[in-house]
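Any read-out appearing in this document is the output of simple, stated calculations on the displayed coordinates, not a laboratory observation. Note that this is a predicted model, so its numbers are computed, not measured. Note that each Cβ is placed from the backbone with ideal geometry, even for glycine, and that neighbours are counted across all protein chains shown.
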Amino acid sequence: MKLKSLIRTEKREAPPDEEHGYKMKRLVVKGARVLDPATGLDAKLNIIAMGGRFASIRPPHEDDNYEGAEWDVVEAEGLLVVPGLIDIHTHLREPGFEYKEDIESGAKAAAAGGFTTILCMANTEPVNDSASVTRLITKRAAAVSPIKVLPIGALTKGLEGRALSEMGELKDAGCVAFSDDGMPVKDPAIMRRALEYSTSLNLPVISHAEEPALTGGGVMNEGVVSTRMGLKGIPNASEDVMVARDIALAELTGARLHIAHVSTRGAVDLIRAAKARGAKVTCEAAPHHLTLDHGAVVGYDTFAKMSPPLRAEEDIAALHAALKDGTIDAIATDHAPHSSIEKDVEFDAAANGIVGLETALGLTLGLVGDGIISLAQAVTLLTSGPARAMGINSGTLKIGASADMTIIDPDMEWVVEPEKFLSKSRNTPYGGRAMKGRAIRTIVGGETVYEMSAEG
Amino acid sequence: MKLKRKDLLSIEELSVEEISFIIETARSFKRVNERDIKKVPTLRGKTVINLFYEPSTRTRTSFEIAAKRMSADAINISVSQSSVKKGETLKDTALNLEAMRPDCIVLRHASSGAPAMLAELLDCSVINAGDGMHEHPSQALLDMMTVLERFDSLEGLNITIVGDVSHSRVARSNIYGFNKLGANVTLCGPPTMIPHGIEEMGATVEYDLDRAIRGADVIMMLRIQLERDRVPLFPTAREYADRYGLNLKRLKGAKEGLLILHPGPINRGVEISPEVADGPYSLLIDQVTNGLAVRMALFYILIGGPSESEHEAEEPDSNGKERGTA
């Protein structure tokens, strides 16, 4: 089946009404299975939005009347409706690396993947370590993005790990978290200060937990495969010692610490224990760390090169267990677009990372299909879980809240075709992979921002 | 017999039959090298490019002479790593070279997998002359050939490889090769030099050199890089020589008729004492002689066919994995 994606960003005019001027825009999504684990909702319901906000969620009734020009009716019989998906870890590359991705293409790719809100990391050029860069991102997003784009500010100036960024000003400009993602904060004293300072702003600090001295030029997971391939390995300990350090510092300072892209069994054990002690620690896992092991690197496939690296089977099993028991709060893509300039080179020279926005939901539903997590857990990990970790007031179908939702066809079988991505980049190891379940309509503030149409 | 491949990228991918065939062919070329006139017209009109991204004297010279003895035109290109940083990519260099219609590119590169990348990209044959810490197949073939000149078979032989296995492409190729031919491989060195999971490649690990020597039929000493890592793998050269260096005193515990190999260049007094390097068991010079014959055989087998269109129709290398078009 050929799939064609349609993106609508333009606002549609509400129909004029002679008596009342403009009538409020109304949307009804009819007859779907509505699943919102945060509120315990799981039933066949109609969702009604007015003026871009959830107005009512109720069982279908024979007296229902959705006729009239003001109604936008979406027939969703047999489909699944969940709160709009949230990805708290993306790289949109604008400003500075627009040849890989920009805010518009990244946001459209996100909408096609079912996301209604994304957070974007600070490693742009210039780095998002000042209010002017933050404002540039938010203004640009307001102009071109069909979905909500929330910037993450740099934790330290220039991501250099030396001086704290002006975190207060960044927050005022619209940053919702702080991170030097991509660059670990080497100096523990700087990390301590950053965490301490963040508590006054009550925003989370996201740690890219990696001890650079132990990574030491490694390009893949250290293990049997790296030994065979003659590639320099990155030991699990590189992540584990940094997670341990940052948890200790979070407990010292009382700060909100979020560990990005956990990949090792050691890291999830440390986080589980910290949570049990009551530390304010949350974490995320990336779909690729849940579905691929280091064997994917065989053949020197640079699309399987990422940081942290794809790990061993035992690590994947530990991550699955941590998804199940709630140790992992969110699934986040670490969407990292790169062009052929960075990827079509020797493995040692290739950049880290893969695009993930357009495959994340399919891969997560794959975990459900494989019996690793329940559908409700999968939805939590993509909606209320990440929202809570970041302290964002969304991720659930709340009356009065912005009508953000994702309509999923849980039975749709499709094959990943990177050349059809809306992202500017194609760096994915999942090309050709068969998936089941896909976002077919993404709605933000009651407006359809993405609709998939099937063409035979 | 002919190899069912256009490239030689690794020993891992070779079958026992292919290895035996290459060594057999090399034996006949060795006789050519003993003649007065050491040149055969076999590869007249063929072009070989030696593309070396790492400094090398021995291997590059060996490939060059091998090509010339076969009457091929051999061109050497040495690229320093520093110029690569500002210059063109390996892919672009390779595509440019291919446009000049060479029959074979011999590649040495610091990045593991670089020859596999080229092989996938190019129609001409690619020979891996050493890639990163991955493989150095022609070295392993000449090592196997050298041992087979002294033993009828490798079946059941005990072969000990001593040194920095972790960083050694020679060790990896030899672990595959010796194993395929039925030898028992033991690896010896300080734990900092023995990588994670190496046993699964088919080797036993022994940290004590005296024990590793006992019962060995062949010992291969690897060259020690004295300044490799930011974090050294051993305290001092003196301590290394003391614990892992091969000297006459150590060899007292060795088997009668023990053979000693070293891929060169050697650090006299570090991993091998001068008395041992120059001693009667040492096959270091035989290795160099056989290296030339092995490389002639490789050229003959890979590009000596009647027409070059023949291998174009063949399967691409089994090592190269399909990937997206980036």
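Over chain A, dividing the summed -39,500 (n - 2.57) contributions of all DSSP H runs of at least 4 residues by the number of residues returns a 222 nm mean residue ellipticity of -8000 deg cm²/dmol. Charge dipole of region B:26-116 (Cα centre as origin; +1 on each Lys and Arg Cβ, -1 on each Asp and Glu Cβ, all else neutral): 440 debye, rounded to the nearest 20. For chain B, the mean residue ellipticity at 222 nm estimated from helices alone is -10500 deg cm²/dmol, where every DSSP H run of n ≥ 4 contributes -39500 (n - 2.57) and the total is divided by all residues, rounded to the nearest 500. Packing order of peptides A:237-249, B:9-21, highest average first: A:237-249, B:9-21 (average count of other Cβ atoms within 10 Å over each peptide's residues).
Summarise the long-distance tail of P(r) for region A:32-149 by giving the % of C-alpha pairs beyond 23 Å. Within region A:32-149, distances greater than 23 Å cover 45 percent of Cα pairs.
For the protein assembly as shown, a simple Cβ point-charge model (Lys and Arg +1, Asp and Glu -1, everything else neutral) yields a dipole of about 1520 debye relative to the Cα centre. Straight-line reach from B:K6: taking Cα to Cα under 17 Å and skipping same-chain neighbours fewer than 8 places apart, the lysines in range are B:K46, B:K321. With respect to chain B, whose longest principal axis is taken over its alpha-carbon atoms, helix B:137-148 is tilted by about 50°.
Under a Cβ-Cβ cut-off of 15 Å, what is the net charge of the residues other than A:K44 that fall near it, where Lys and Arg count +1 and Asp and Glu count -1? Net charge around A:K44: -3.
Straight-distance candidates among the aspartates and glutamates for linking to A:K139, with alpha-carbon spacing under 15 Å and chain neighbours fewer than 8 residues away dropped: A:E94, A:D102, A:E104, A:D172. Based on C-alpha pairs under 8 angstrom that are at least 6 apart in sequence, chain A has a relative contact order of 20 percent.
Using a cutoff of 8 angstrom between alpha carbon atoms and counting only pairs six or more residues apart, the relative contact order for region A:329-407 works out to 29 percent.
Within the listed set B:D36, B:D278, B:D210, the Gaussian network model of chain B (springs between alpha-carbon atoms below 10 Å) gives the highest mean-square fluctuation for B:D36. Taken over the C-alpha atoms, the protein assembly as shown has Rg and Dmax values of 30.8, 110 angstrom. To the nearest ten degrees, helix B:284-303 and the longest principal axis of the Cα atoms of chain B are 30 degrees apart. Relative to one another, the C-alpha centroids of region B:1-61 and region A:129-146 are positioned 60 Å apart.
Once you treat every alpha carbon in region A:86-390 as an equal point and sum by Debye, what is log10 I(q)/I(0) at q = 0.07, 0.08, 0.10, 0.12 Å⁻¹? Debye curve over Cα of region A:86-390, log10 I(q)/I(0) at q = 0.07, 0.08, 0.10, 0.12 Å⁻¹: -0.23, -0.31, -0.49, -0.73.
Looking at region B:169-266, which trypsin sites (Lys or Arg not before Pro) are in a loop (DSSP not H, G, I, E or B) and have at most 15 other Cβ atoms within 10 Å? Each step should come with its number before you reach the end.
Numbers: sites: B:R169, B:R172, B:K180, B:R211, B:R214, B:R223, B:R228, B:R230, B:R238, B:R243, B:K249, B:R250, B:K252, B:K255; in loops: B:R214, B:R223, B:R228, B:R230, B:K252, B:K255.
When the trypsin sites (Lys or Arg not before Pro) of region B:169-266 are filtered for loop state and at most 15 Cβ neighbours within 10 Å, B:R214, B:R228, B:R230, B:K252, B:K255 remain.
Can you work out the FRET efficiency for the pair A:E419 and B:V16, with r the C-beta to C-beta distance and R0 = 45 Å, to the nearest 0.05? Efficiency computed from Cβ-Cβ geometry: 0.60. Counting Cβ atoms of other protein chains within 10 Å of each residue's Cβ and taking the mean over peptide A:294-301 gives 5. Angle check, please: helix A:188-198 long axis (alpha carbons) against the longest principal axis of chain A (alpha carbons), in degrees 0 to 90, nearest 10. Taking the Cα atoms of chain A, the angle to A:188-198 is about 20 degrees. Each residue of region B:45-50 is assigned a 3J(HN,Hα), and the resulting list reads x, 8, 10, 10, 10, 8 Hz, derived from the Karplus form 6.51 cos²θ - 1.76 cosθ + 1.60 (θ = phi - 60°), x at Gly and Pro.
Convex hull volume per residue, computed on the Cα atoms of region B:151-282, equals 98 Å³. Beyond 25 Å, what share of the Cα-Cα pairs of chain B remains, rounded to the nearest whole percent? Tail of P(r) above 25 Å: 50 percent of Cα pairs.
Of all DSSP-defined beta bridges confined to region B:16-145, some 5% are antiparallel rather than parallel.
Remark on B:L187: its backbone amide H falls under 5 Å from those of B:I161, B:T204, B:V205, B:E206, a criterion applied only to residues 5 or more positions apart or on other chains, H modelled at 1.01 Å from N.
Residue by residue through B:197-206, how many Cβ atoms from other chains fall within 10 Å of the Cβ on average?
Mean shielding count: 2.
Taken one residue at a time, the phi angles of region A:123-135 give Karplus couplings (6.51, -1.76, 1.60, θ = phi - 60°) of 7, 9, 10, x, 5, 7, 10, 9, 4, 5, 5, 4, 5 Hz. Gly and Pro are set to x. Taking the DSSP bridge list for chain B and keeping only pairs wholly inside it, about 5 percent are antiparallel. Annotation: amide H of A:A350 has no partner in the under-5 Å range at sequence separation 5 or more or interchain, hydrogens built in the peptide plane.
Across the cross-link table entries A:K30/A:K398; A:K280/A:K436; A:K398/A:K424; A:K100/A:K148; B:K68/B:K91, which are compared at the Cα atoms, the separations over 29 Å belong to A:K280/A:K436; A:K398/A:K424. The orientation-averaged shadow of the Cα convex hull for region A:269-375, equal to a quarter of the hull surface, comes to 7.5 nm².
Taking the Cβ of A:I443 as the center, what net charge do the other residues with Cβ under 10 Å away carry, scoring Lys and Arg +1 and Asp and Glu -1?
Working: positive: A:R441; negative: A:D72, A:D404, A:E447, A:E451.
Result for the neighbourhood of A:I443: -3.
Each of the peptides A:77-89, A:122-134 was scored by the mean count of other Cβ atoms within 10 Å over its residues; in descending order, highest first, they stand as A:77-89, A:122-134.
With contacts taken as Cα pairs under 8 Å at a separation of at least 6 residues, region A:65-128 carries a relative contact order of 38 percent. Backbone geometry of region B:235-244 corresponds, through the Karplus equation with coefficients 6.51, -1.76 and 1.60 at θ = phi - 60°, to 3J(HN,Hα) couplings of x, 8, 4, 5, 5, 4, 4, 5, 9, 10 Hz, x marking Gly and Pro. Dipole magnitude for region A:86-390: computed about the Cα centre from +1 point charges on Lys and Arg Cβ and -1 point charges on Asp and Glu Cβ, it is near 740 debye. Near A:A177, once Lys and Arg are set to +1 and Asp and Glu to -1 for all other residues with Cβ below 12 Å from its Cβ, the sum equals -1. In this rough spin-label picture, where each label sits 7 Å from Cα along the Cβ direction, the B:R268-A:E166 distance is 6.7 nm. Comparing B:G130, B:G257, B:G197 in a Gaussian network model of chain B, where Cα atoms under 10 Å apart are tied by springs, the biggest mean-square fluctuation is seen for B:G197.
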